[in-house]
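This report concerns only the one structure given below.
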Amino acid sequence: MYEMYRENILDHAQHPRFPGVLDPCDVDYEESNPLCGDRLRLTLRLGPDHRITELAWDGEGCAISQASASMLGEMVIGKTLDEIRKITKQDIFDMIGVPLTINRVKCALLSLRVLMIGLYGLEEWRQLHEQDEDE
């Protein structure tokens, strides 16, 4: 079963969905993981109903971080901000589908971190992150 997920990760890493940068955009946020050098910039356009209508990302890093950004893009297009707020770390781990070493967890979560901080700010990310830790 893990082989199917590994193939999906490699496909998204080698053929990313939503590559590039939107200009103009409603949200533009970039962050990197200083431990490994992964970098991700996410740009979004929102519709009048607060749904993500367009998304593009640009980044560098390992297959896990890049695949996670690509997969998260597929997950959030068309969702409202309230729906996005409910996405958890576990949703990302389930989406990746393979066990991750402690060193790869931050790689997998970089895209979610960039999305949430870009949309809601650092304080809300911390609150959501701590909530996930408690569960």
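May I ask you to order 23-29, 63-69 by the average number of other C-beta atoms within 10 Å around their residues, highest value first?
Per-residue Cβ counts within 10 Å, averaged per peptide and sorted highest first, yield 63-69, 23-29.
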Exercise. Using alpha-carbon pairs under 8 Å, 6+ residues apart, how would you state the relative contact order of the stretch 2-130 in percent?
Worked result: 27
Seminar exercise, completed: Computed, not fitted: 222 nm per-residue ellipticity of the chain from DSSP H runs ≥ 4 (each -39500 (n - 2.57)), nearest 500, equal to -16500 deg cm²/dmol
Problem set entry | Amide hydrogen neighbours beyond the local backbone of L22, cut-off 5 Å, H modeled | T43, A56
Exercise. Using 7 Å Cα-to-Cβ label points, what is the D23/V105 separation (nm, one decimal)?
Worked result: 3.8
For this session: For the stretch 2-130, build the charge dipole from Cβ charges (+1 Lys, Arg; -1 Asp, Glu) around the Cα centre, then report which of M75, V27, T43 sits farthest towards its positive end.
Result: M75
For this session: With springs connecting C-alpha atoms under 10 Å apart, model the chain as a Gaussian network and identify which of I102, I52, I84 has the largest mean-square fluctuation.
Result: I102
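Quick note: the coordinates plus some simple rules give every number you see, no bench work behind them. Quick caveat: nothing in here was measured; it's all calculated off a predicted structure. A quick note on method: Cβ atoms are made from the backbone with ideal geometry, for glycine too, and the neighbour counts reach across all protein chains shown.
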